[in-house]
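What follows is one structure encoded as structure tokens, with my remarks underneath.
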Amino acid sequence: MERNPMRRQLAVMRQSLFDQGYLDEQFVQLEELQDDANPNFVEEVVTLYYRDSARLILNVEQALERKPFDFNKLDGYMHQFKGSSSSIGAKKVKAESTLFREYCKSGNGEGCMRTFQQLKKEYATLRKKLEAYFQLARQAGPMETACHPK
Amino acid sequence: MVLGKGASSSLSMNKVDGAEEMVDNSNNFTVLVADDDPLIQKLHEMHLKKFGLKVQVVENGKKAVDLCHFGATFNLILIDKEMPVMDGAEATKELQAMGVNSLIVGVTSRDSPYEKQAFMEAGLDYCFEKPLTADKINFLLQELNKNN
């Protein structure tokens, strides 16, 4: 059990991200790759995700402004976005991506637009939560220091 | 996972529960990762290096083919399906035509069995769905050890 209150808070915050369905097992896989040589690996990957996926979000937005909808193109963008979201364990974002693709396949433009709005909300919410999480993690310091005070 | 021409009916997987149980790679296997997504490149490189593998990364199929054409050799080639310039299927066909002696494994985010099978038919040994995990790498290491 964490003696350091900040690390306890961090652990609670982390667990809530899983319990509330924001993250899945893939995020744990990222954490397992982090080590002393790459202490900020998870944050780096998440930062890379938000940087690269912004382009895809913009592509979808622009494509949804053009009528009639090009469902193949929309599906293509969302396929890429879903893959990236999946790679960081962004569970709710991935779920909305899947739903969006289903609407693309059935040619349901209204469904696409509605789902895209929800997707953007989940995407933004996750970003805020992860930013807060990483900020607290930086303040809490490395695990070894916390568990073995001098 | 889809099995291809290199598959054996007596496969066994060594399940790994945590990072501390990862297989120590003392065989110095080399891996080429071909993927245009910087996020996937970073993830795969990190995953593979954790297993002690030597990793090189390229962003499209043409660069993978060119590397091999100019004499670079790899024990394992992990190749994405959709890449600019030359996609994974075309690159796999070219690598096979060159007689490249590597385990060639597709790693794709395409989840339709039909699309995976079409990718397999380009000449892959295996095809995994993204993302790469410790279990999948362990499986591939076992295959590499068998072949070596």
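Descriptive notes on the structure:
- Residue count for the range B:57-113, restricted to those that are open to solvent by 40 Å² or more (accessible area, probe 1.4 Å) and over 25 Å from A:Thr98 (Cα atoms): 20
- Extreme residue, farthest from the other protein chains (Cβ to nearest Cβ), among residues of the range A:72-94 that are touching a residue at least 12 places away in the same chain (Cβ under 8 Å) and of a type in the set (Gly, Ala, Ser): A:Ala90
- Criterion (loosely packed, with under 15 Cβ neighbours inside 10 Å and either at pLDDT below 95 or closer than 25 Å to B:Ser112 by Cβ (or both)) met by exactly one of B:Asp24, B:Asp37: B:Asp24
- Scan of the range A:1-20 for residues that are surrounded by 13 or more Cβ atoms within 10 Å (Cβ to Cβ) and closer than 26 Å to B:Lys130 by Cβ, ordered by number: A:Arg14, A:Leu17, A:Phe18
- Yes/no for B:Val100 being hydrophobic (A, V, I, L, M, F, W, C) and closer than 24 Å to A:Tyr49 by Cβ: no
- When A:Met78, A:Met13 are screened for being touching a Cys at 6+ places or on another chain (Cβ under 9 Å) and either under 26 Å from B:Met46 (Cα atoms) or assigned to a loop (DSSP other than H, G, I, E, B) (or both), only A:Met78 passes.
- Hey, A:Glu110 assigned to a helix (DSSP H, G or I), away from chain B (no Cβ under 14 Å) and closer than 19 Å to B:Lys130 by Cβ or not: no
- Helices (runs of 4 or more DSSP H) enclosed by the range B:29-139 - at least 3 residues per element that are within 13 Å of chain A (Cβ to nearest Cβ): B:38-50
- Restricting A:Lys128, A:Lys120 to those that are surrounded by 12 or more Cβ atoms within 10 Å (Cβ to Cβ), of a type in the set (Lys, Arg) and part of a helix (DSSP H, G or I) reduces the list to A:Lys120.
- Scan of the range A:78-95 for residues that are over 12 Å from the mean Cα position of the chain (by Cα) and open to solvent by less than 50 Å² (accessible area, probe 1.4 Å), ordered by number: A:Met78, A:His79
- Hits in the range A:21-54 (condition: loosely packed, with under 14 Cβ neighbours inside 10 Å, within 10 Å of another protein chain (Cβ to nearest Cβ) and under 15 Å from A:Tyr123 (Cα atoms)): A:Arg51
The values are calculated or read from the model by the stated rules, or taken from the named source; none is laboratory data. None of the values given here were measured: they were computed from a predicted structure. We place every Cβ from the backbone using ideal geometry, glycine too, and count neighbours over all the protein chains shown. What goes into the accessible areas is simple: the full protein's heavy atoms, side chains included, and nothing from ligands, DNA or RNA. Shrake-Rupley method; radii C 1.70, N 1.55, O 1.52, S 1.80 Å.
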